[in-house]
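Structure, as structure tokens:
The values are calculated or read from the model by the stated rules, or taken from the named source; none is laboratory data. The structure displayed is predicted, hence computed values, not measured ones. As a convention, Cβ positions derive from the backbone with ideal geometry for all residues, glycine included, and neighbour counts pool all protein chains shown. We work out accessible area using only protein heavy atoms, side chains counted, and drop any ligands, DNA or RNA first. Shrake-Rupley method; radii C 1.70, N 1.55, O 1.52, S 1.80 Å.
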Amino acid sequence: MTTATPSAPTNKLGFTKQDYVGSKSTLCAGCGHDAITAQIINAAFESNIEGHLVTKYSGIGCSSKTPAYFINQGWGFNSVHGRMPAIATGASLANRKLINIGVSGDGDSMSIGMGQFVHAVRRNIPMIYIIEDNGVYGLTKGQFSATADKGSFLKSGAKNDLPPVDPCTLAIELGCGFVARCFSGNPKQLNAILKAAFAYEGTVVLDIISPCVTFNNHDASTRSYKHVKDHDFPLHDLGFIQYSEVEEVDIAAGATEVVTFPDGSKVAIKAIHEGYDPTDRFGAMKAIHESMAKGEFLTGLLYINPTQPPLPQVLNLVDEPLATLPEALVKPGPAVLEEIMQALM
Amino acid sequence: MTASLAAPSTPLGAKTRINDFSIQVATVNGSGSQTANTVLLRAIFQMGVFVSGKNLFPSNIAGLPTWFTIRASAKGYVARKASNEMLILMNAETAKEDIAKADAGALVIYDEPLQLDKLRADLSYIPVPFQKLVTASCPEPKLHKLVKNMIYVGVAARLLSVDMEEVKKAITKQLKGKAKAIEINQAAAVAGYDWAMENLEDQDHIKVVRDNKTNGLIIVDGNEACALGALFAGVTVVGWYPITPASSLVETFIEYAEEYRKDPATGKSTVAIVQMEDELASAGVVLAAGWAGARSMTSTAGPGVSLMSEFIGLGYYVEAPGVFFNVARTGPSTGLPTRTQQSDVELCAKCSHGDTQHINLYPGNMEECFQFAYDAFDLAERFQTPIFVVTDLDLGMQNWSSKPFAYPSKPYDRGKVLNQQQLAEAKDWGRYKDVDGDGICYRSLPGTAGGKGSYFTRGSGHNAYAQYSEKPEDYVEVVDRLRRKYETAKTHVPTPVFRNLGSVKGVLAFGSSDPAVIEAQDILAEEGLKTDYLRLRALPFTAEVDAFVEEKQVVYVVEQNRDGQMANLFRETYPQHATKFKSVLHYNGHAIDAKCIVDQITAFEQK
Ligand SMILES: Cc1ncc(C[n+]2csc(CCOP(=O)(O)OP(=O)(O)O)c2C)c(N)n1
Ligand code: SF4
Ligand SMILES: [Mg+2]
């Protein structure tokens, strides 16, 4: 087919993949962050996401620039360093119909923004919280971040003597109901997890190892492409099946476990790593700690519990967006003021 | 035992002070004295007399000394008065010092075992056997400590000729619905009253005589008034973090929201209230909720504003609305957390790094706390920017009498927001394009369908289309427009209030200083110095303020901070008049009083 110009494929909403792209990236060629952006675009397209409902939040860093590079139909908010979670919290409360995607860095979330990360996860804000984890501060030219492995080296030769913070075990500890680790160099796995993440109602924490080609891709780095590839241990093959009212959901043959979301979507999990059960919170913690001690990255869906109520539900908010409630519903009448004044007399 | 009520050696004056006196009650924090003091205040209020109360409390839950002053004023002066005609001394630890500081001629009610009557000869002493009375009147020993204070309410009521029925009514009101507590407290007050009736001679220094000045008035504090303003303004997202003296603003709001902000059809809440992990996060929640179209607010004090400042600058630059109540306290740092000051003037005017200017509202009384809280949400959405409503501990936490609040019938101003259809029709829409020339641009809300209106908000450099830009001309265009927007605000913020006695000499004040300034103005006038008073109610300064500064020979700027922060803003705004501004300052943590203003202005005038 060389002569005909085939029209680009569309999803169920009639959008092409092009409808999910953003502005041109200004990151370094080969930066892991760009590979993540590409999978967000793919997953949103394949998950039939309504672009105008998407909001994209970030802090400051190379990673935090990326919301400008996907889903231009959505609204972006590039805020201040380490404070993306508060922005996501406020906007998601103002309008519970929004589909919230937060993109942050390991510095943004595990150093300056650790407090906000912890509390957003505790509150189960409805959002996909992506940490593009390269072990360094890219944007300020390569200083160590709090996820840098103990004993790892900067390009300059400086050694990190402090232990790393692990976003995944931390998130599980905090009660997060969807925790995954991925590698920007494994698009297939990332795609399946992102699609499952779009269907999840509460906070999804995705720690995505994303090498910084400019400042942390050298031989002595534990976050280089080569090192991560050599130490990546995928837990399972994942299939994500979005709920559809018409089609019967088909589970891929060989799936050892199926997790069903409240909306009817399903994640089919075919284990590679024998005996890893992502619905077993303490078992998951143990396995992750053991693998970290060996210098490995267990990747995949580390922990899942699809039934935790997100914050708007906990607060028993009205179903409509608070932002646009009519005045009549939020402004008490004169009789109420009169009643209050009487009580104060 | 007979108490000495003989005329003091240096009498206050021949006349009895009718409905014109101050009482100071010294107690121990956490001993239940707040209830007793409020009852006494309410009872006098119910006698139809203007009354105000100031609680001088420690930063402590229980055990440290606390003082409560009640001022009755027939003329309606409600500022703190520096001198007291009656002392009620219940705290052994401070009693000697309280006596040393007492004004000559004062009546001193005290707990008998303290044996204070030998300390000074120029006071009238009234020892009261509190323990004996409380044991007789209250059957439950474990309540004695709490109820003891109600005894002095009864004694004072008798001495002041406050009707016991009003005391009982005030107790019922204060202890809303708690039948047992009402009964016990009423019994204690009556025991005090009866004891005083039997054992004390009457006195004629200070008296309450029934009047009608408070008919139809309410008693309220500024935090509750602000909370009510926000309730009626339809706030839908609240992010906050506890801090004295601001906590009770949101806490009161929560109580009202429980009752009045449920969707009647579903019982679900029409407001999201989240106690955040700190003020920084609260600020983020407020601005993002505003950005997404909600009416949002937080309430905090100086330390919180300091933490928030990075976000406030973001809100200013990306143009996100939000209402920030700052109930100011004594700084710097933790300072005196339970004392009042107006020392965040410059902080709120220019909060955050870079060139920033904020709209600030300065309510000066309870009605304005209510109204400005309501208006702040309109202003935030109209100007798409953080708005500070600045009060202080004195306004926020003290008891004030006020006219009942008028229903704010003006519909909400939701500002320049384009809906799906308007976006579809708009030609060449840009988030930061100044279409109307007033510096205020048209925004869209996330989630708007139709494929138009999405944009990228960023705290980094941007052009009129919200695109990333480092071009000098784009940067300058945006920040110059922001200044234009601030100019526009001059015709939208509350104008000043004047009290002109006809003079070329001006007095300028704001917020909680108002009652003290009014009283000082009257005293000065009696002494032969007339002044014109402008009470500032907002930043930026409006045309009325320009004219006042232009026309006065001298402007005494009264404020409650050390550095004359508001005067500094005036000198900066009106450099050609810089020498006119003279600072009249009060900053020791107590509420400002008229005397300190009179003294300082008089000293300036004598130079
Ligand atoms: C308050 C504040 N402090 C410091 C900075 C400087 N700064 C910008 S990005 C950054 C680190 C970003 O690291 P990370 O989140 O890991 O993102 P990456 O660039 O690695 O993707 C820092 C320290 C800032 N913008 N704001
Ligand atoms: S510096 Fe590193 S993190 Fe930043 S864009 Fe370049 S490769 Fe990516
Ligand atoms: Mg990083």
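Descriptive notes on the structure:
- Percent of beta bridges antiparallel (DSSP, the range A:79-169, rounded to nearest 5): 40 percent
- Toward the positive end of the charge dipole of chain B, with +1 on the Cβ of Lys and Arg and -1 on the Cβ of Asp and Glu, the farthest Cα among B:237, B:602, B:330 is that of B:237.
- Ranked order, B:488, B:298 - accessible area, probe 1.4 Å, largest first: B:488, B:298
- Rg to Rh quotient for chain B, alpha carbon positions, Kirkwood Rh: 1.02
- Only aspartates and glutamates eight or more places from residue B:96 in sequence, or on another chain, were considered; those with a Cα closer than 16 Å are B:111, B:112, B:117, B:122.
- Choice from A:295, A:177, A:61 with maximal GNM fluctuation in chain A (Cα, 10 Å cutoff): A:295
- For the range A:17-328, the ratio of Cα radius of gyration to the globular rule of thumb 2.2 N^0.38 Å stands at 0.95.
- Report note on the peptides B:314-326, B:423-435: ranked by the mean count of other C-beta atoms within 10 Å, highest first, their order is B:314-326, B:423-435.
- Normalised contact order of chain A, rounded percent, pairs of Cα under 8 Å and 6 or more residues apart: 16 percent
- Relative contact order [Cα under 8 Å, 6+ residues apart], chain B, whole percent: 12 percent
- Residue ranking by accessible heavy-atom surface, 1.4 Å probe, largest first, among B:78, A:314, B:134 comes out as A:314, B:78, B:134.
- Exposure of residue B:491 as accessible area (Å², to 10), given a probe of 1.4 Å and all protein chains: 120 Å²
- Of all aspartates and glutamates in the structure, those lying under 15 Å Cα to Cα from residue B:118, and not within fewer than 8 positions of it along the same chain, are B:97, B:98.
- Fluctuation leader among A:270, A:331, A:226 - chain A, Gaussian network, Cα springs under 10 angstrom: A:331
- From largest to smallest, the equivalent ellipsoid semi-axes obtained for the range B:445-551 from the alpha-carbon gyration tensor read 46, 16, 10 Å.
- Cβ-based charge dipole, chain A, positive-most Cα from A:121, A:70, A:342: A:70
- Lysines whose Cα lies under 19 Å from that of residue A:141, excluding same-chain neighbours fewer than 8 positions away: A:65, A:155, A:159
- Accessible area of the range B:416-494 belonging to carbon and sulfur atoms, whole % at 1.4 Å probe: 49 percent
- Residues residue A:28 and residue A:162, FRET efficiency given R0 of 22 Å [Cβ-Cβ distance, rounded to 0.05]: 0.25
- For the peptides A:257-266, B:515-524, residues were scored by their other Cβ atoms within 10 Å and the scores averaged per peptide; the highest-first order is B:515-524, A:257-266.
- Modelled FRET efficiency - R0 56 Å, residue B:82 with residue B:436, Cβ distances, 0.05 increments: 0.60
- Ratio of Rg to Rh for the protein assembly as shown: 1.05 [Cα atoms; Kirkwood radius as inverse mean 1/r over pairs].
- Centroid-to-centroid separation of the range B:573-590 and the range B:355-372 [C-alpha atoms, Å]: 20 Å
- Of the residues B:397, A:110, the one with the largest accessible area comes first in the ranking B:397, A:110, computed with a 1.4 Å probe on protein heavy atoms.
- Our note on the geometry: Cα centres of the range B:214-246 and the range A:297-322, 32 Å apart.
- In the structure shown, the pairs B:75/B:173; A:56/A:188; B:81/B:595; B:403/B:505 are assessed against 19 Å; a Cα-Cα span above that value is assigned to B:75/B:173; A:56/A:188; B:403/B:505.
- Dimensions (Å) - the range A:108-165, Cα atoms, principal axes, largest first: 41, 22, 15
- Under 5 Å between amide hydrogens, built in the peptide plane, is the criterion, and for residue B:56 it picks out B:67, B:68, B:69 among residues at least 5 positions away or on other chains.
- Assigned charges on the beta-carbon of Lys, Arg, Asp, Glu; chain B dipole about Cα centre (debye): 580 debye
- Whether the range A:45-103 is rounded, prolate or oblate, judged on the alpha carbon gyration tensor where a/c under 1.5 counts as rounded: oblate
- Over the range B:280-406, volume per residue of the alpha carbon convex hull, in Å³: 92 Å³
- Evaluated with a Cβ-only charge set (Lys, Arg +1; Asp, Glu -1), the range B:497-606 carries a dipole of roughly 180 debye about its Cα centre, given to the nearest 20.
- Separation of the residue B:121 and residue B:501 label points, Cα + 7 Å toward Cβ, nm: 3.9 nm
- Residue among A:277, A:149, A:161 with the largest mean-square fluctuation in a Gaussian network model of chain A, springs linking Cα atoms under 10 Å: A:161
- Each residue of the range A:108-117 was assigned a 3J(HN,Hα) from its phi angle through the Karplus expression (A = 6.51, B = -1.76, C = 1.60, θ = phi - 60°), giving 4, 9, 9, 9, 4, x, 3, x, 5, 4 Hz with x at Gly and Pro.
- In order along the range A:185-195, phi translates into HN-Hα couplings of x, 10, x, 5, 5, 4, 4, 5, 5, 5, 5 Hz, rounded to whole numbers, per the Karplus curve 6.51 cos²θ - 1.76 cosθ + 1.60 with θ = phi - 60° and x for Gly and Pro.
- A rounded overall shape is assigned to the range B:7-215, the ratio a/c of its alpha-carbon gyration tensor axes (a ≥ b ≥ c) being less than 1.5.
- Peptide B:229-239 has a mean of 5 when you count, residue by residue, the C-beta atoms of other protein chains within 10 Å of its C-beta.
- The 3J(HN,Hα) values that the Karplus relation (6.51, -1.76, 1.60; θ = phi - 60°) gives for the range A:54-68 are, in residue order, 7, 10, 10, 10, 7, x, 10, x, 4, 4, 6, 6, 5, x, 6 Hz. Gly and Pro appear as x.
- Residue-averaged 222 nm ellipticity for chain B, from DSSP H runs of 4+ at -39500 (n - 2.57), nearest 500: -12000 deg cm²/dmol
- Only beta bridges with both residues in the range B:7-215 are counted; by DSSP, about 50 percent of them are antiparallel.
- Rough spin-label spacing in nm, given labels placed 7 Å along Cα→Cβ, for residue B:414 and residue A:260: 4.0 nm
- Under 5 Å from the amide H of residue B:457 lie the amide H atoms of A:76, A:77, A:78, each residue being 5 or more positions distant or on a separate chain, with H modelled from the backbone and absent for Pro and chain starts.
- Ratio of Rg to Rh over the range B:416-494 (Cα coordinates, Kirkwood Rh, two decimals): 0.99
- Residue B:108 long-range amide H proximity, modeled H, under 5 Å: B:87, B:124, B:125, B:126
- Förster radius 51 Å - calculated FRET efficiency between residue A:290 and residue B:562 (Cβ-Cβ, nearest 0.05): 0.25
- Placing +1 on the Cβ of every Lys and Arg and -1 on the Cβ of every Asp and Glu, with nothing else charged, gives the range B:16-111 a dipole about its Cα centre of roughly 360 debye.
- Nonlocal Lys pairs with alpha-carbon distance under 19 Å, the range B:416-494 (8 or more apart, or different chains): 9
- Taking every C-alpha pair closer than 8 Å and separated by at least 6 residues, the mean separation divided by the residue count of the range A:32-128 gives a relative contact order of 29 percent.
- Nitroxide proxy distance, nm - points 7 Å out along Cα→Cβ at residue A:274 and residue B:529: 9.4 nm
- Count Lys and Arg as plus one, Asp and Glu as minus one, and take only other residues whose Cβ is under 11 Å from that of residue B:604; the net charge is then +1.
- The range A:80-202 - percent of accessible surface contributed by carbon and sulfur, probe 1.4 Å: 56 percent
- Between the range A:111-180 and the range B:504-558, the Cα center-to-center distance that results, in Å: 56 Å
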